[in-house]
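**Q** I have a structure I would like to understand better, so I am pasting it below and will then ask my questions one at a time.
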């Protein structure tokens, strides 16, 4: 056994777990999104909670100590708030606690379906009436959990296509000391639409609005200009890479080494839960660089471990030292890790020794997952 700092899953959409190995339709991100919307349409707070308990427990088994939940499934199916406007957010926080996981609940502002277009269909669940209403709701959620050692409430800009330029500064200012995350340049079409509508790239738009700072995490950041890379580095922003999801959705391979060299701080996330395995995500950063550059060795095991653990904790508003406090035992005698001097290059989540204080063991998690996923698809 060797002691390993706990991983930070810096970007998660927990309800996407219901899509794993079930939905392959759509030949690009936008086609896949329609299938995802079908799942989003049927979730209520109770079913979301049950699916999240199982998914967060799977993360815990994989050596993850904290999750950044990028949360936009706010309201009822017709867009009307629940009796508690933060019912779904509270369901996610309760699920993380049940699984023994710290959580940064990143409440995402969502105001439009695209530049100049109102939310349509299931998107009405994601949207608040205006940015002030969103800010008041998220401020109340933050107030409830202020001082908790296992919960941080942060803010998120869903994307520049979903938050009008005039509202970006308001979102950035809503929780001025908390983490601020945003989907950035995941797709070329997003960039093209942004430039056509505003004359700026998404990164430039965020920078101009004051939303690009050292507390900002740009998620994906796959399709960046050289100026974008420099802006993220100059701001000291975090960039969260989600390699398995970016591969699953045919998004592309982001410029990880260029971002690092510019001064951006890299973190990792499971995003759409294609797999929940931080070892796989970490290795994929280096492997992606090898494929695009034709060279080996852009990232060593130390750098990847730092990105996947302590830097991720910091991006979610937690003390990076908690990654060591939450450390797990990694088996070094398995068929994968035996003989390895740097286990990061060989290990998988299956090599994590389950902590003694786990609320749910592997068999129990499998039962919970089958039940929750089955319930979702009975409704879709």
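**Q** Counting only DSSP beta bridges with both residues in the chain, what percent are antiparallel, rounded to the nearest 5?
**A** Within the chain, antiparallel bridges account for around 15 percent of the total.
**Q** Quick check: Cα centre of segment 291-331 to Cα centre of segment 150-169, how many Å?
**A** Result: 25 Å between the Cα centres.
**Q** How do the peptides 71-84, 252-265, 36-49 rank, highest first, by the average count of neighbouring beta carbon atoms within 10 Å per residue?
**A** Those peptides, ordered most packed to least, come out 252-265, 36-49, 71-84.
**Q** Compute the distance from the alpha-carbon center of segment 198-266 to that of segment 1-55, in whole Å.
**A** 23
**Q** Order these by the 10 Å Cβ neighbour count, fewest first: 70, 7.
**A** Fewest to most other Cβ atoms nearby, the residues stand as 70, 7.
**Q** Here is a further query. Give the average over all directions of the projected area of the C-alpha convex hull of segment 71-183, one decimal, in nm². Please report the intermediate quantities before stating the final value.
**A** Values: hull surface 27.1 nm².
Mean projected area for segment 71-183: 6.8 nm², to one decimal.
**Q** So for 319, 193, 228, fewest C-beta neighbours within 10 Å to most, what's the order?
**A** So the residues, fewest neighbours to most, are 319, 193, 228.
**Q** So between residue 338 and residue 350, what do we pick up on full extension, going 0.36 nm a residue minus the alpha carbon distance? Walk me through the numbers on the way to the answer.
**A** Details: separation 12, 0.36 × 12 = 4.32 nm, distance 1.35 nm.
Once the chain is fully extended between residue 338 and residue 350, it gains 3.0 nm.
**Q** Which value does Rg/Rh take for segment 207-292 over its C-alpha atoms, Rh per Kirkwood?
**A** Rg/Rh for segment 207-292 comes to 0.96.
**Q** Another question about this same structure. If I stretch the segment between residue 247 and residue 213 completely, what's the gain in nm (0.36 nm per residue apart, minus their alpha carbon distance), one decimal?
**A** Details: separation 34, 0.36 × 34 = 12.24 nm, distance 2.78 nm.
Roughly 9.5 nm would be gained on extension.
**Q** Compute the separation of the alpha-carbon centres of segment 91-116 and segment 343-380 and state it in Å as a whole number.
**A** Cα centroid to Cα centroid, the span is 20 Å.
**Q** Next question. In what order do 157, 93 fall by count of nearby beta-carbon atoms within 10 Å, going from fewest to most?
**A** With the sparsest Cβ surroundings first, the list reads 93, 157.
**Q** Shape of segment 43-84 from its Cα gyration tensor (a ≥ b ≥ c, root eigenvalues): rounded if a/c is under 1.5, otherwise prolate when a/b > b/c, or oblate? Each step should come with its number before you reach the end.
**A** Numbers: a/c = 3.70, a/b = 2.33, b/c = 1.59.
Prolate, since a/c reaches 1.5 and a/b exceeds b/c.
**Q** If you don't mind, there's one more thing I want to ask. For the chain, build the convex hull from the C-alpha positions and give me its volume per residue in Å³.
**A** 128
**Q** Under the rule a/c < 1.5 gives rounded, and otherwise a/b versus b/c splits prolate from oblate, where does segment 309-360 land using the Cα gyration tensor? Provide the component values of the computation, followed by the final result.
**A** Working: a/c = 2.88, a/b = 1.56, b/c = 1.85.
Taking the square roots of the gyration eigenvalues as a ≥ b ≥ c, segment 309-360 is oblate.
**Q** Is segment 8-153 rounded, prolate or oblate when judged by the Cα gyration tensor, a ≥ b ≥ c being the square roots of its eigenvalues, rounded requiring a/c under 1.5 and prolate requiring a/b larger than b/c?
**A** The shape class here is oblate.
**Q** Continuing with this model, one more query. Can you compute the FRET efficiency between residue 303 and residue 379 using 1/(1 + (r/R0)^6), with r the Cβ-Cβ distance and R0 = 45 Å? Round to the nearest 0.05. Spell out each step's value before the answer.
**A** On the way: r = 43 Å, r/R0 = 0.96.
For residue 303 and residue 379, the calculated efficiency is 0.55.
**Q** Still on this structure, please answer the following. Gain in length, residue 291 to residue 20, computed as 0.36 nm per residue apart minus the alpha-carbon separation, to one decimal in nm?
**A** Length gained, residue 291 through residue 20: 95.0 nm.
Here, each number is a calculation from the coordinates, and none is a lab measurement. All values derive from a computational prediction rather than experimental measurement. Reconstructed Cβ throughout: ideal geometry from the backbone, glycine too, with neighbour counts over all protein chains shown.
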